[in-house]
Amino acid sequence: MTDNSTRTDLFSPMEMGAIKLANRIVMAPVTRSRYCEDGIPNELHATYYAQRASAGLIIAEATNISPQGRGYAATPGIWSEEQVAGWKKVTDLVHAAGGKIVSQLWHVGRFSSVELQPNGEAPVAPSAVQAEGNTYTVDGFVPVSMPRALETDEIPGIIEQYRIAARNAMRAGFDGVEVHSANSYLLDQFLRDSTNKRTDHYGGSIENRARLTLEVTAAIVEIWGNDRVGIRLSPVTPDAGNTPPDSNVMGLYGYLVDQLNQFDLAYMHFVEGATATTREIPAGVDMDALSARFHGPYIGNNNYDLEMAIERRSEDLIDAVAFGRYFISNPDLVERLRVGAELTIAPGESYYGGGAKGYTDWPKGNY
Ligand code: 8OZ
């Protein structure tokens, strides 16, 4: 049988800040929308993640930092004691299986419905610009609502939501946290000029639009230390909400990456292209040039296969690779890739919703 570990160091240990990984193959954060009452992860979530513990690092699914930050039913949270206790079961089981797991801290901003918001209020956003598309509630799909623009004096409260969630993630036994500044959710909405029309010091110039992501990162670094904090960015994806990229992707994300270097973070993570669809990049954008500006470990993601990962690793374009969909249906993905075993492709209908079926019932491969 093949031994792909002789061809690449992707199967070898590495350090991302203070987090020691057994290999450079990361499980990307993947929303699965399995039933979790009041956003509390349960035994099913623990089983699912523990089954995937041979990943060098698991980035747990996007996790709501507050009731206001919630944009989809059946997604977990990390603001209540019960949620912290639920996540503790997850992290304990992952650690017992020899894995490492970080929490991805998520505020959806405008991509929500009044039906999901506390007291039926409008979702909050940098500006009152409505997204396209639907989200799901317990009663099915509904269009996302018109958001209201945050007042400048509400921003410290948003940062405080991240702070509380970061502290909770520590109490829940995670190995670190990832700032979700991607996929057109709140922080990305502040970054892009298509969604940020503000005239205060959180809008206008690139420096101003990057301010919230940097302030949130600083607040979280204060709690965790720089070496257990990572960040995910998606400079060009239209998801969620068919959000146009910034008019100056290279300028905006170049500035942001340069500023992030000051923190000496555990890692940075890009969605290279449109999330879960294409690796095509708009004209004038050079994703590899942007990631190369980052001084720490860089995780590549989006539609990789092993050959692409080996090639891009050999060219030193990535330090690690994250797979999302392959981890859904191949709990032992690292071992299968190592020996060149066949990979199972999950049908789209098992991605979201439901229970154990299509979630924890994927067998290990024969090898
Ligand atoms: C798919 C469905 C719902 C949310 C993201 C957290 O794209 C998500 C997400 C993905 O970052």
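Tabulated values for the structure
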read-out	value
Pairs with Cβ under 8 Å, 6+ apart, first in the stretch 172-183 and more than 20 Å from T213 (Cβ to Cβ), second open to solvent by less than 10 Å² (accessible area, probe 1.4 Å) and within 12 Å of the ligand (Cβ to nearest atom)	F174/A60
Pair list, Cβ < 9 Å and 6+ apart or interchain, from the stretch 85-108 residues that are closer than 27 Å to A240 by Cβ to residues that are open to solvent by 60 Å² or more (accessible area, probe 1.4 Å) and within 16 Å of the ligand (Cβ to nearest atom)	W106/R70; H107/R70; V108/R70
Number of positions in the stretch 199-235 that are open to solvent by 10 Å² or more (accessible area, probe 1.4 Å) and aliphatic (A, V, I, L, M)	5
Check on A169, within 15 Å of the ligand (Cβ to nearest atom), closer than 30 Å to K89 by Cα and buried (at least 24 other Cβ atoms within 10 Å of the Cβ)	no
Single match in E151, E160 (criterion: farther than 30 Å from A18 by Cβ and open to solvent by 10 Å² or more (accessible area, probe 1.4 Å))	E151
Selection within the stretch 21-37 - in a loop (DSSP other than H, G, I, E, B) and open to solvent by less than 30 Å² (accessible area, probe 1.4 Å)	N23, A28, P29, V30, R32, S33, R34, C36
Failed item, numbered, when Y72 is tested on (1) of a type in the set (S, T, Y); (2) part of a loop (DSSP other than H, G, I, E, B); (3) touching a Gly at 6+ places or on another chain (Cβ under 6 Å)	(3)
Unique match (being open to solvent by 10 Å² or more (accessible area, probe 1.4 Å) and in contact with a Ser or Thr (Cβ under 8 Å, 6 or more places away or on another chain)) among D239, D188	D239
Flag if D288 is over 21 Å from G99 (Cβ atoms) and either within 16 Å of the ligand (Cβ to nearest atom) or not in a helix (DSSP H, G or I) (or both)	no
Members of the stretch 51-84 found to be touching a strand residue (DSSP E or B) at 6+ places or on another chain (Cβ under 7 Å), away from the ligand (no atom under 11 Å from the Cβ) and of a type in the set (S, T, N, Q), listed by number	Q68, Q83
Verdict on V138 being of a type in the set (V, I, T), within 16 Å of the ligand (Cβ to nearest atom) and touching a residue at least 40 places away in the same chain (Cβ under 8 Å)	yes
Pair list, Cβ < 6 Å and 6+ apart or interchain, from the stretch 261-283 residues that are on the phi > 0 side of the Ramachandran plot to residues that are polar (S, T, N, Q) and at pLDDT 95 or above	D264/N226; G273/N302
Qualifying positions in the stretch 200-235 - touching a helix residue (DSSP H, G or I) at 6+ places or on another chain (Cβ under 8 Å), in a loop (DSSP other than H, G, I, E, B) and away from the ligand (no atom under 16 Å from the Cβ)	D200, H201, Y202, G203
Neighbours by Cβ (under 9 Å, 6+ apart or cross-chain): first from the stretch 21-40, over 23 Å from R232 (Cα atoms); second among the β-branched types (V, I, T)	C36/T75
Hits in the stretch 237-268 (condition: within 19 Å of R211 (Cα to Cα) and either within 16 Å of the ligand (Cβ to nearest atom) or of a type in the set (D, E) (or both))	P245, D246, D258, D264, M268
Filter result (of a type outside the set (V, I, T) and in contact with a Lys or Arg (Cβ under 9 Å, 6 or more places away or on another chain)) within the stretch 241-252	G241, P244, P245, D246, S247, L252
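Residue by residue, here is whether (1) small (G, A, S); (2) under 29 Å from V229 (Cα atoms) holds:
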| position | (1), (2) |
| --- | --- |
| G98 | yes, yes |
| H107 | no, yes |
| S113 | yes, no |
| P126 | no, yes |
| V138 | no, no |
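The values are calculated or read from the model by the stated rules, or taken from the named source; none is laboratory data. On a predicted model such as this, the values are computed, not experimentally measured, just so you know. Cβ: placed from backbone, ideal geometry, glycine included. Neighbour counts: every protein chain shown. Areas reflect the complete protein model, heavy atoms only, side chains present, ligands, DNA and RNA absent. Shrake-Rupley method; radii C 1.70, N 1.55, O 1.52, S 1.80 Å.
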